[in-house]
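Only one structure is covered here, and it is reproduced in the block below.
The values are calculated or read from the model by the stated rules, or taken from the named source; none is laboratory data. Given the structure is predicted, the values throughout are model-derived calculations rather than measurements. Note that we place each Cβ from the backbone using ideal geometry, even for glycine, and neighbour counts take in every protein chain shown. Protein only, heavy atoms only, side chains kept; ligands, DNA and RNA dropped before computing areas. Shrake-Rupley method; radii C 1.70, N 1.55, O 1.52, S 1.80 Å.
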Amino acid sequence: MSNKTLQSVSSLKGIGGETEKTLADMGILTLHDLVMTFPYRHEDFRLKNIAETPHNERVTVEGRVESEPSILFLGKNKSRLQIRLLVGPHLIKVVFFNQAYLKNKIVSGQTITVTGKWDRGRQAISVSHYSAGPKTDNVDFEPMYSLKGSLHQKTFRKFMHQALQEVESDLQELLPYNIRHSYKLLPVQEALQGVHFPKDADHVKQARRRFVYEELLLFQLKMQAIKKVRKEQNKGIAIAYDIHKIKDLIATLPYELTAAQKRVVNEICKDLKEPHRMNRLLQGDVGSGKTVVAAIALYAVITAGFQGALMAPTEILAEQHAESLHDWLSPMGIRIALLTGSTKTKARRTLHEQLQNGEIDLLIGTHALIQPDVEFRKLGLVITDEQHRFGVEQRRVLRDKGMSPDVLFMTATPIPRTLAITAFGEMDVSIIDEMPAGRKEIETHWVKKELFDQIIKRMVVELKAGNQAYVICPLIEESEKLDVQNAVDVYEQLSSIFHQQFNVGLMHGRLHSTEKDEVMRAFSEGQIQVLVSTTVVEVGVNVPNATFIVIYDAERFGLAQLHQLRGRVGRGSEQSYCILLADPKSEDGKERMLSMTETNDGFKLAEKDLELRGAGDFFGRKQSGVPEFKMADLVHDYRALETARQDAEKFLASDEFWTSEETKYLRTYLEQSGALNGERID
Ligand code: ADP
Ligand code: MG
């Protein structure tokens, strides 16, 4: 190919040796890589009205020097040079640090242009950019790139300029004319100019708009192509369940399913029946009743002669699920087994045998249950609870076992729609958007630690009424040992306060799993009234009689986690309370506390969380499938994302997309991304 975009950057003037290495470090090898390296922001050098500039904001002004510079030496190479500048009707101070050489350059009566931070109180600018004379320069916006090594912005811009000229005529236009026309998007050449050498503010904006759309469209095309290919590959199992048996099970449940539960059960069953592999995400706020939905789906699969597996993130949760599902499913003749990290070798061996010869229908456990030595006779469905993402690694394990069971992921962390369709873009999504009848909103209060005595008094009222309470201990990041110490301290404090009146239990990550199990059982059976715990109870645990939860150092938790913790109460029909002990220093922290007191709606909190933390951090450090976009920002560009999603869907469904010249490069992109093999490679 004689396409210049693929030429090495070393073909540019001034690039070789060290510079070439630095660029390679930044992932820039070809001219195409270079021109597609976007600045993280544009410096704004437009003249501003100083009277309207807020304190501490960056501003560019032009004015007449009204005083000879006065200089103060502050030690070695350090100086502070000051002049008075008349900007329109305003006389302000202009301060230069460590630029003593300007003393002889700036003269009274001269016009100069300066950019810097505006101190409103002192009516002063501390200068970051200076030029003699009025602002003639027509560069209003300067891109700032994140560069490595000793590479300077100016040098980099020079390279960029050369590269753009070089490749201009060879740039591939990914976006079909129709799309560009109807959304009024700039052609790629103009858009790249707008990114790197904008004419004005609008040029920057339009350039950004184009690339945001392009980026999101490519991503959505990839996700949906994966979804489509997987469906067409038909590699899954069609599960012929017995609808009558399912109805019988539902009739024996202790309550009527909510309309939302019924709807998602139908969605799941429909998927099971299809011969493709189900790859579905079930979202439902804490307490919305996902467990019973899982039980029904697993039962369905078993009625068709398959085995099922339910995987939970912690042993406590796995055990609790085993109990619930035992209650519901054993009467139907289902044989259930529990497998966790603490299952003894001998028991494990028996269990392996029973699994292989089909004596076990349903295996519940932690990650232990997809270990290589665990073999099923006929696995039809794997459900993972409280998991943001079923790891690529785990899927590989299943595939290596020659199995392609249907998969259902359940999560109680409501995921804002924008993230759901990016992080889980290749999946189908079911949502339980309704709580079981009779639930009351949890009353949430944000209080200072000094009020601890009153909180205890309030807790006693609940305990006397026969209810139970959780106390979640201070969290010390990165130190389990200190967390445990804190838990022990709080436990001792409360034990002495409640004396013989109420029983206090202690739960933390260092306990042996049998000890955890005992504590949890004692709590759920009501022998313990107050459970002091680290965040190990965070996910899933269900004790409907608990109505009071105190969370220490609540400001240290993210909104999603706080909502999860709060979800330990409010699981029955009684009024529940959540006390956030917090003294947040940051605005962010305050907002989180306020949000918690204002709403019980997990989806609203999730949107707020996304807004406060940004997409990258939403799922915690590990990013979990949220790609890093160069331009797009999932918080602000959600409309573009929705549009791109719909367009991608239309594209993939149309014959034209697969044949037309206009969409040639989009097809090339899909081929190269591996999506057409049904693989997701991020
Ligand atoms: P989550 O979605 O957080 O996993 P669970 O499945 O633990 O929620 O259910 C929370 C509580 O609600 C449990 O006590 C469960 O038995 C109960 N529950 C579930 N569905 C219903 C329903 N349709 N009506 C009444 N209670 C229900
Ligand atoms: Mg749950």
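Values computed for the structure shown
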item	result
Breaking point among (1) part of a helix (DSSP H, G or I); (2) among the hydrophobic types (A, V, I, L, M, F, W, C); (3) in contact with a strand residue (DSSP E or B) (Cβ under 7 Å, 6 or more places away or on another chain), for LEU310	(1)
Residues (under 16 Å from TYR130 (Cβ atoms), open to solvent by less than 90 Å² (accessible area, probe 1.4 Å) and in a strand (DSSP E or B)) located in region 50-77	ARG58, VAL59, THR60, VAL61, GLU62, GLY63, VAL65, ILE71
Checklist (1) charged (D, E, K, R); (2) surrounded by fewer than 19 Cβ atoms within 10 Å (Cβ to Cβ); (3) on the phi < 0 side of the Ramachandran plot applied to ASP553, failing item	(3)
Members of region 325-340 found to be open to solvent by 30 Å² or more (accessible area, probe 1.4 Å) and in a helix (DSSP H, G or I), listed by number	HIS326, ASP327, TRP328, SER330, PRO331, MET332
Filter result (among the charged types (D, E, K, R) and modelled with pLDDT of 70 or more) within region 416-446	GLU426, ASP428, ASP433, GLU434, ARG439, LYS440, GLU441, GLU443
Single match in VAL265, VAL286 (criterion: within 16 Å of ligand 1 (Cβ to nearest atom), open to solvent by 10 Å² or more (accessible area, probe 1.4 Å) and either touching a Pro at 6+ places or on another chain (Cβ under 6 Å) or in contact (Cβ under 8 Å) with a residue 40 or more places away in the chain (or both))	VAL286
Region 30-54 residues that are within 28 Å of THR113 (Cα to Cα), paired with ones that are of a type in the set (Ser, Thr, Tyr) and assigned to a strand (DSSP E or B) (beta carbon under 7 Å, 6 or more apart)	PHE45/THR60; PHE45/THR115; ARG46/THR60; LEU47/THR60; LYS48/THR60
Residues that are touching a Lys or Arg at 6+ places or on another chain (Cβ under 7 Å) and among the hydrophobic types (A, V, I, L, M, F, W, C), drawn from region 86-124	LEU86, LEU91, VAL95, PHE97, ALA124
Filter result (surrounded by fewer than 17 Cβ atoms within 10 Å (Cβ to Cβ) and at negative phi) within region 24-35	ALA24, ASP25, LEU29
Of the criteria (1) under 29 Å from the mean Cα position of the chain (by Cα); (2) within 16 Å of ligand 2 (Cβ to nearest atom); (3) among the hydrophobic types (A, V, I, L, M, F, W, C), which one MET278 fails	(2)
Failed condition for GLU386, given (1) among the acidic types (Asp, Glu); (2) modelled with pLDDT of 80 or more; (3) within 16 Å of ligand 2 (Cβ to nearest atom)	(2)
Cβ-Cβ under 7 Å pairs, at least 6 apart or on other chains, region 90-110 side closer than 18 Å to ALA124 by Cα, far side in a strand (DSSP E or B) and open to solvent by 80 Å² or more (accessible area, probe 1.4 Å)	LEU91/ARG84; LYS93/ARG84
Subset of region 483-524 that is in contact with an Asp or Glu (Cβ under 8 Å, 6 or more places away or on another chain) and outside any helix (DSSP H, G or I) - its residue that is modelled with the lowest pLDDT	GLY509
